[in-house]
Amino acid sequence: MGSLFRSEQMCLAQLYLQSEAAFACVSKLGELGLVSFTDLNPNVNAFQRKFVNDVRRCDEMERKLRFLERELKKDQIGVYDNGDNPPAPAPREMIELEAKFEKLENDMKEINTNQEALKKNFLELTEMKQILMKAQHFFEEMDRFDTTEDEALIDPNTPQTVAAAGKLGFVAGVILRSKLPSFERVLWRACRGNVFLRHAEIEMALEDPVTGDVVNKSVFIIFFQGDQLRNRVQKICEGLHATLYPCPDTSNERREIAIGVMTRIEDLQAVLNQTEDHRHLVLTQVALNIRVWFIKVRKIKAIYHTLNLFNVNIAEKCLIAQCWCPTNDLGKIQDALRYGTEVSGSSVASILQQVTTEEQPPTYNRTNMFTESFQGIIDAFGVSTYQEVNPAPFTIITFPFLFAVMFGDFGHGLLMLVFGLVLVIREKFYLAQKSADSEIWDMIFGGRYMILFMGFFSMYTGFLYNECFSRSFNVFGSSWNVSAMNFDAVTLGNASALDLDPVTPGVYRGYPDNYINGSGYPYPYGMDPIWQSAENKITFQNSYKMKSSIVLGFAQMLFGLTLALYNHIYFKDRLSIICEWIPQMIFIWCIVGYLCVIILFKWITWKDPASAPSLLIGLINMFMFTAPSKADGTFLYTGQSTVQIFVVLMIVFCLPWMLLAKPAVIYYRRRQKANRSQRNYNLAGGEMADDVPIIEQDQLDVESNSIQQTEPDPDEKDFSEIMILQIIHTIEFSLNCISHTASYLRLWALSLAHSELSEVLWTMVMHIGLSMAPPAGPIVTYAVFWFFAVLTVGILLVMEGLSAFLHALRLHWVEFQSKFYKGQGYAFLPFSFESIIQGRVDE
Amino acid sequence: MGLFDFAEVGFNVDNGFLEGLTRGFKNGVLCKEDYRHLTQCDSLEDLKLHLQSTTYGNFLANEPSPLTVAVIDDRLREKLVVEFQFLRNHAYKELATFLDFIKYSYMIDNIILLITGTLRQRQLSELLPKCHPLGIFDQMETVTIANSTADLYNAILVDSPLAPFFKDCISEEDLDEVNIEVIRNTLYKAYLEAFYDWCEGCGGATAEVMCEILGFEADRRSFIITINSFGTELSKEDRAKLYPRRGKLYPDGLTELARADDYESVKRVAEHYTEYRKLFDGTGVGIGEKTLEDKFFEHEVTMNVNSFMQQFQYGVFYSFVKLREQECRNVIWISECIAQRHRSKIDSYIPIF
């Protein structure tokens, strides 16, 4: 049997590692990824463990690396990735790494502080420049205003104006544009309207030196009178984070300063460029190595975390670890340990010792790219109990098949197949792209083989249903012949629908007599294309699909029950086979199997369409013990009455068998066991009868203790509990035989819905375009096609596909797996660097 | 609200997501077990390691060692602020108002902090980091220009959401230390009354839960104000004006409190109320004894925990913020004890769950 049939055999092992070799050994095991360590000090706090300081050092290193990574991101330098996977460095190299990161971090910080200072300086100068420019503008405007007004009203040389102008003070500064409105308001209120504010936007965006964000600012200039107001204005400016700059009164001075500022800006720009270059140089070096560093640090950290799980034996200077590992891989693990010991130069070999345990081992199913998604479906329901039959390998075929029964359409299947194929063929390309960070995409991509299979199977069932976008192929030629009906021209001309009578000779080539003579044949494979245009297509297909759903469902449930037998045999549970499995098998055969048999019987042998029996009434009558008769259309074969009475009696007989046999046997066994120990006890008690009572009491205790020790039965449940469980199981099984069979009718329902929807889409959309005459026809067809295509993909492929997927999933989880699958195990999570580095495992 | 009181029916339409989220946040609040581990830590690094295994996760991962208590404080507060801002940004209609009300108390604290600081000639840049980030608003930093409350109101606060609370304390007097305490308490009184009335107006479970919590808050303030006023120049009439007129003490208890002259008389007032008698019993300042303040905090925590028992109400948001705050105080207390090697009092934090 393939390895997927049952989960891998596991064993619990203890490792004795020399202190100096432990690091190297664990490192090797991490590369291997085949063991899962158990925590031997669950009661010790995280910060009281032995290697907590080393873990902390790793944390610190990681922090530095993250800092560098952020800097890289800030400068938009991509990280160089050559796919290298360096081994975990030895502990002594850690110091080297630490020193290296320390230096890089300090360098980087220094560069950043320098750059920040320079940028701040630069910002100030730029703002200064802007202020001088705008202020010049303000003053010029005002002068113009002044002169015009002065000329009109008063003599410009009057002493009052000069004096007034002399007393007016002003401050100039820069403020964030978003704060300007509240600034203006506060200013007005606090100074009671005694100030005059002018502002202008700085057109270019400025850079905040600390955060590096782009900010928009405005220049403002405030005129006021008196020192008190000046104080007030300055406080408000401080409060709203406005920066004030000294601005000289006369325009000549302003011009001079502006020139000075310009030259300083130019100088500063040069220096800034140099710093930028230097920073870039350092960062490109970092970008080359940072990925490898990250991997190294994470590996070291993972190793120390693992070492923290170990038991430290101080006297013998060794670490004791306990782990689960697959029995088949013990050799590889031994090799890894040997290698680790050699590398570390330790003289004493590391020892691996198997331990026997009562604990249930973890479930480990080795999957590959293909089986992964199918195993995923099973695990989503519940991880299988250790070594029970794993439904995954069967799911590979049955899942896409049941999906296809509901999604049967050649065209839709083809589209799905092509999509799946693209994903599979370009697999390497998509895998290399790694994290697209989209869960939906990950899910679709993960299920690419499933999509491929579902597409393929849908094409097959579509071919059987003879539907392709709801149209039919006429591959083999229809076996119905309209001309044999000999309709006259008038009937043909007037009628919108015509009756074809299969009994009329020549109309249906498959009609029984001709069929037997070999002169005609029914449509050889799949549905006859003539049904596509028949009015009673749905009536015909319903009966056909409904019955085949039940037959398929019975087949799958029977298969599930067969797997249960494998489980019972594997776990040597003879009691369950005889008292559960056999009556279950008889029960399901009698109640559902018989129905399937008569369905097939009717399909194969019935030839006369006029007197076809009704299976439904027949089934009801069977349970009412009404003898089948031709009159009510329930007669199928001679002796039917006897057979049916036998079947019903078997059903009734199986019920108590399932319900009582197993608890009865358990009860009987227990009583025997109790008798036996009672006898032992009596024997012992009898011997002690003459002894002093106190000793007898002691002896009794010892005796009962020893009995418990020799026959430890931790799973021993209370009898009433066993009985209740058995009642539940019996009721569940017998009801489920009916309800699950009915549940399989969803195969028919969804298939019907799918074919109806696609037919509606064709007749309501595509048909309109195709039935128009040129010249409008082709154009409309073209336009309508896109509509049709979008709806086909959106509704029929995606929505219907998801719904069919969901129902197929349910049929597997509930109807199929309930027959044999317990799913009470827990997954094997090996300690593996690969998954740690990819971030799949947290710590 | 309105004629037909079916507020619960539509509650989830507007607030279901946020309520769920808040309950999720609440599940992340540290429990007794966590505190037990934390108090066993030998250094702040240990504390960091343990907090990593809680919902705080890697919130200290990017801090260079050695850690200081101040850094932990900042990060803890930052987490609360981020969570609160998220809630506020997604809140709708009434919930938004409710969350704003929560913010107002921080605004009041910030304003008072800034004014006191300026009076003591501190620099603005020194004061700003001490402000609670939840209470920061645009014009906040300009309060330093005000010399009197009238100034403060007319120039700055008239635009801010605090304006309605301010109308009772406008005067032309110059600001001084006593004055500021009076302003703080008057503001708080107005704020509490407004918040209380708003919650009462909401009706339903919100009113039920919040009125109890806010009523307790009001009573606590009245007690504390009275106790702190002994030996100061505050007159009894002025003191009575500061009592929030809501909660269980209003009106009889407050009248009696207004007459109180010493701690014993305050205690006598509390005797009349079962809840408060318990709080006043067995308080002290010695080791092993709990201070009155701690008792009040404990009672507040119980009320806030209980508020999660009711669904379809805004109380959970308030309680969550208060519980997180208490948690921050606890962690900081423990950190301080560890940092200062002062372990004897490390157990006087207030456990939440």
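The values are calculated or read from the model by the stated rules, or taken from the named source; none is laboratory data. Quick caveat: nothing in here was measured; it's all calculated off a predicted structure. Heads up, the Cβs are rebuilt from the backbone with ideal geometry, glycines too, and the neighbour counts pull from every protein chain shown. All accessible areas refer to the heavy atoms of the entire protein, side chains included, with ligands and DNA or RNA removed. Shrake-Rupley method; radii C 1.70, N 1.55, O 1.52, S 1.80 Å.
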For this session: Only Lys, Arg, Asp and Glu count, each charged at its Cβ (+1, +1, -1, -1), so figure out the dipole size of chain B about its Cα centre, rounded to 20 debye.
Result: 680
Exercise. What's the local net charge at A:Ala564, with K and R +1, D and E -1, over the other residues with C-beta under 12 Å away?
Worked result: -1
For this session: Compute the relative contact order of chain B as a whole-number percentage, counting only Cα pairs closer than 8 Å that sit 6 or more residues apart in sequence.
Result: 21
Problem set entry | Under 24 Å from B:Lys236, Cα to Cα: lysines that are on another chain or at least 8 residues apart | B:Lys167, B:Lys189, B:Lys248, B:Lys267
For this session: Return the whole-Å distance between the Cα centroid of region A:346-380 and the Cα centroid of region A:170-247.
Result: 69
Problem set entry | Cβ-defined net charge surrounding A:Lys317, 14 Å radius [Lys, Arg +1; Asp, Glu -1] | -1
Seminar exercise, completed: Log entry: pair-distance distribution for region A:247-304, C-alpha pairs binned every 5 Å from zero, whole % per bin is 4, 15, 11, 9, 10, 8, 8, 7, 6, 6, 5, 5, 4, 2, 0
Seminar exercise, completed: The value for region A:1-148 (convex hull of the alpha-carbon atoms, volume per residue, Å³) is 289
Exercise. Hey, can you rank A:308-315, A:563-570 by average C-beta count inside 10 Å, highest first?
Worked result: A:563-570, A:308-315
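Tally up the carbon and sulfur contribution to the accessible surface of chain A as a whole percent, 1.4 Å probe, everything protein left in place.
Values: 27660 of 46080 Å².
The C+S portion of the solvent-accessible surface of chain A is 60 percent.
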Seminar exercise, completed: Applying the gyration tensor rule to the Cα atoms of chain B (axes a ≥ b ≥ c; rounded if a/c under 1.5, else prolate if a/b exceeds b/c, else oblate), the class is rounded
Problem set entry | Distance violations [Cα-Cα > 26 Å] among A:Lys74/A:Lys217; A:Lys74/A:Lys134; A:Lys119/A:Lys217 | A:Lys74/A:Lys134
Exercise. Measuring from the lowest to the highest alpha carbon on each principal axis, how far does region B:300-353 reach, largest first, in angstroms?
Worked result: 45, 14, 13
For this session: Could you tell me which of the pairs A:Lys572/A:Lys822; B:Lys103/B:Lys322; A:Lys73/B:Lys26 are separated by over 23 angstrom between their Cα atoms in the structure shown?
Result: A:Lys73/B:Lys26
For this session: Would you please classify the overall shape of region A:262-417 from the alpha carbon gyration tensor, given that a ≥ b ≥ c denote the square roots of the eigenvalues, rounded means a/c under 1.5, and beyond that prolate means a/b larger than b/c while oblate covers the rest?
Result: oblate
Exercise. Across peptide B:52-58, how many C-beta atoms of other chains are within 10 Å of each residue C-beta, on average?
Worked result: 2
Seminar exercise, completed: Gyration tensor on Cα atoms of region B:196-353, a ≥ b ≥ c root eigenvalues, a/c under 1.5 rounded, else prolate if a/b beats b/c, else oblate, says oblate
Problem set entry | Hydrodynamic radius by Kirkwood, which averages 1/r over all alpha carbon pairs of region A:477-619, in angstrom | 18.9
Problem set entry | Pairwise centroid distance, computed over Cα atoms, of region B:194-261 with region B:43-58, Å | 39
For this session: Quick one: compute a quarter of the convex hull surface over the Cα atoms of region B:1-150 and quote it in nm².
Result: 13.5
Exercise. What does region A:182-318 give for Rg and for Dmax, in Å, if only its C-alpha atoms count?
Worked result: 28.4, 89
Problem set entry | Accessible area buried at the B-A interface, both sides summed, 1.4 Å probe (Å², nearest 100) | 2300
Exercise. What does the charge dipole of the protein assembly as shown about its Cα centre add up to, to the nearest 20 debye, if the Cβ of each Lys and Arg holds +1 and the Cβ of each Asp and Glu holds -1?
Worked result: 2900
Exercise. Looking at the P(r) of region A:573-658, how many percent of alpha-carbon pairs lie beyond 18 Å?
Worked result: 47
Exercise. Which value, in debye to the nearest 20, describes the size of the charge dipole of region B:1-75 about its Cα centre when Lys and Arg Cβ atoms bear +1, Asp and Glu Cβ atoms bear -1, and nothing else is charged?
Worked result: 140
Seminar exercise, completed: Partner lysines whose C-alpha sits under 17 Å from that of A:Lys100, ignoring same-chain residues fewer than 8 away, are A:Lys64, A:Lys109, A:Lys296
Problem set entry | Per-selection Rg to Rh, region A:370-502 - Cα, Kirkwood hydrodynamic radius | 1.24
Problem set entry | Centre separation in Å (Cα based) which lies between region A:799-813 and region A:392-411 | 10
Problem set entry | GNM top mover of B:Val143, B:Val321, B:Val178 - chain B, alpha-carbon springs below 10 Å | B:Val178
Exercise. How big is the Cα convex hull of region B:73-174 in projection, averaged over all directions, in nm²?
Worked result: 7.0
For this session: Quick one: which residues, 5 or more positions from A:Glu467 or on another chain, have an amide H under 5 Å from its amide H? H modelled 1.01 Å from N in the peptide plane, none for Pro or chain starts.
Result: A:Phe410
For this session: Using the Karplus curve 6.51 cos²θ - 1.76 cosθ + 1.60 with θ = phi - 60°, work out ³J(HN,Hα) for each residue of region A:17-28 in order, rounded to whole Hz, and write x for Gly and Pro.
Result: 10, 5, 3, 6, 8, 4, 4, 5, 5, 4, 4, 4
For this session: Pull up the DSSP beta bridges for the protein assembly as shown and report the antiparallel fraction as a percent, rounded to 5.
Result: 95
Problem set entry | All aspartates and glutamates inside 12 Å of A:Lys317 as judged from Cα atoms, apart from same-chain residues fewer than 8 positions distant | A:Glu20
Problem set entry | 1.4 Å probe accessible area per residue over region A:173-241, in Å² | 52
For this session: Calculate the tail of P(r) for region A:711-843: the fraction of all Cα-Cα distances greater than 20 Å, expressed in %.
Result: 71
Problem set entry | Positive minus negative residues near A:Leu4 (Lys, Arg vs Asp, Glu; Cβ under 15 Å) | -2
Seminar exercise, completed: Here the equivalent ellipsoid of region A:214-262, derived from its Cα gyration tensor, has semi-axes (largest first, whole Å) of 23, 18, 8
Problem set entry | region A:168-224: radius of gyration and largest Cα-Cα distance (Dmax), Å | 12.8, 38
For this session: For region A:593-643, report the convex hull volume of the alpha-carbon atoms normalised per residue, in Å³, without decimals.
Result: 75
Exercise. What 222 nm value per residue comes from the helices of chain A, counting each DSSP H run with n ≥ 4 as -39,500 (n - 2.57) and dividing by all residues, nearest 500 deg cm²/dmol?
Worked result: -20000 deg cm²/dmol
Seminar exercise, completed: What the Cα atoms of the protein assembly as shown span along the principal axes, largest first and in whole Å, is 134, 118, 77
Exercise. Over all pairs of distinct alpha carbons, what does the Kirkwood formula give as the hydrodynamic radius of region B:126-277, in Å?
Worked result: 17.0
